[in-house]
Structures are given as structure tokens and as C-alpha cells.
């Protein structure tokens, strides 16, 4: 099918779904979408808004679902004017939400009973990374279906990887997000140490990211820490909480030793408990600042 004639449907055109939709439109796809509120940015970008998930499913050749959790997903699949009842043979569903492997397998069975086919495509990257086509897509499902969907995936980002059967993509996403937590806390630790050593925070952010100590999270979040720009949040503590829970569960099931993740996760949970849920996870630096003590006091440093 010609790209310009293929219709992509999107249910979930919020913080992450919107830049995905924009990338698709810029690549020449017609994009039809549904969101209950705040559709203006989607419309301004050239999207076509309809009144229900079912309308999106009926209009689309390929349907992307980009929803924040299993409750929202269930409402879209099964609620009034839901997706499942509107699917037909030949349709393709790409599930972009992060849920358990069991949830995705059950969803795929339901999609297949309707005559359609399903891939999972986990997004690894912040909304700005998606907008700049620097994010990665981890894809699970049938290899032939992955190949058929490559024009759509290419339009979102050139960095996409087919990892195996359904469920493999969410496993890789959880591995990646354990590193997000670890590297963000490490960036906060470095920024706090730099400021306490007498450097301007902007200088620490500028210099460290040019050397061997840099990471993707330092590049993104050290400038946010320096500017104290914790809202609006490209990645909030509320959002990360799901990945911490699922990642810890996967590590337990696999019997993995996770010393760094085990040390890092409680900081993000404390931020949630402290009412910081809507702030970006870069705000974890505030916890380290609060824990820091006068240089004249004795610390607990095992290398001394």
C-alpha cells in the first residue's frame, strides 16, 4: 500500500503520542486520532480527530495504541465504542503501552480473534527524543508482521529493533528503565557533588557531558537540574513508578542481582511519597541535597 494512502490511527495522542503522530504526518501518512481532551495541538499538526476509539479503528489500516496504563487500555479496548468490536481482518494493531507480558499476550489473542494482527512496540526515550527521532523502538511479535510495518516504524524513528516474540519488547523496556533510574540518580549525585565543590551547576552540566562520565540521562537531566526546571515533566515520578514496580518484579522472577537498581529505586519512591509525583525525575537531586552534610562532619564512605 502506498504510504500516502495508508491511514494510521492513534488512540492516545498525549505527551508521548503527539510527537509520534507528528513524525508520522511529516513522513506523509494520514493520521486519524482520538483523545478525550486537548486535541488542539494534534489538529494544528495536521491530524484528523474523531469521536471514539472505534472510529479510529474503523478508519485505520494500522492502529497505534499509546495509553498510560492497563485501566486506560481496558477502557479503550472494551468500553463503549471500543477498539475490539471495530477491528476487522487485515487491520494491524501496534501496542505502544507498557504492560505485563501476560496482559499483552491476552490482548493479542483478542485482536487475532477479530481477524487483525498485533505487534508490541515499546518506546525508549523522552517526548523530546521522540520528536527529534532519536528515541528507540523495541518491537516484539511476528517477524513478517514487523517487516510489513517497517515503513510506519521508520517514520517514527530509524532506531527500531525486532527482539523476538510478543513480550520481548516489554522485557527490554524494563531493562532500559532500570538504567534510567540508576543513571538519573547518578547524574543527580554528580551535579550535587559538583555544586558542593564550588562549581556553577550549569558548568558541571556542560563539562561532564563532554567526557567519559556522560550518559543519556546526564545529557537530558543535568541541565534540568541546573535550571531547577522540574515542571512540566517529560518523565515524572508518577510515570516512572510503574517501570520500577514491573522492573523489580522481572528481576525477582529472573533471580537477578540488582545492587544499583535496589539502591536507586527507594529515592524515586521517597519522592513520590513526598508529593513530588508530577515533577520530573530530575528533581531527585533535591533528596540528595537534603541528605548532604557539612564537610566538617564525618560521613560514611567505605573507601576512606
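We did not get these values from a lab; they are worked out from the coordinates using the rules stated. Source: prediction; values computed, not measured. Cβ coordinates were reconstructed from backbone atoms using ideal geometry, including for glycine residues, and neighbour counts include every protein chain displayed.
At a glance:
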read-out: Net lengthening on full extension, residue 6/residue 134 (0.36 nm per residue, minus Cα-Cα); value: 43.7 nm
read-out: Compactness relative to 2.2 N^0.38 Å, alpha carbon Rg of region 171-291; value: 1.04
read-out: From the coordinates shown, P(r) over Cα pairs in 20 Å bins from 0, in percent corresponds to which of (i) 32, 53, 15, 1; (ii) 34, 57, 9; (iii) 25, 46, 24, 4, 0; value: (i)
read-out: Three-way shape label, region 1-42, alpha-carbon gyration tensor, a/c 1.5; value: prolate
read-out: Net lengthening on full extension, residue 51/residue 159 (0.36 nm per residue, minus Cα-Cα); value: 35.6 nm
read-out: Helix 17-26 axis, angle to the chain major axis (alpha carbon atoms, nearest 10°); value: 60 degrees
read-out: The chain - share of DSSP beta bridges that are antiparallel (%, nearest 5); value: 20 percent
read-out: Mean separation of Cα contacts under 8 Å (6+ apart) over length of the chain, as relative contact order %; value: 12 percent
read-out: Fraction of antiparallel bridges per DSSP, region 3-166 only, in percent to nearest 5; value: 20 percent
read-out: Cα long-axis angle, helix 237-254 against the chain (0 to 90 degrees, to the nearest 10); value: 90 degrees
read-out: Value in Å of the Kirkwood radius, where region 1-80 supplies the Cα pairs that are averaged; value: 12.4 Å
read-out: Region 37-132: C-alpha gyration tensor shape, a/c 1.5 cut-off, then a/b vs b/c; value: oblate
read-out: Tilt relative to the chain, helix 259-273 - C-alpha long axis, 0 to 90 degrees, to 10; value: 80 degrees
read-out: Region 166-199 residues near the modelled residue 260 label - backbone nitrogen below 20 Å, point 7 Å along Cα→Cβ; value: 171-194
read-out: Region 253-298: mean projected area of Cα convex hull, nm²; value: 5.0 nm²
read-out: Efficiency of FRET between residue 88 and residue 143 - r from beta-carbon atoms, R0 22 angstrom, step 0.05; value: 0.40
read-out: Ellipsoid equivalent to region 114-189 - semi-axes via the Cα gyration tensor, in Å; value: 26, 15, 8
read-out: Cα Rg, Dmax, region 3-166, angstrom units; value: 14.1, 37
read-out: Spatial separation of Cα centroids for region 131-173 and region 16-62, in angstrom; value: 20 Å
read-out: Residue among 167, 247, 69 with the largest mean-square fluctuation in a Gaussian network model of the chain, springs linking Cα atoms under 10 Å; value: 69
read-out: Alpha carbon convex hull of region 104-157, volume per residue in cubic angstrom; value: 85 Å³
read-out: Cut-off 18 Å (backbone N to label point 7 Å along Cα→Cβ of residue 200), residues of region 209-253; value: 209-210, 222-229
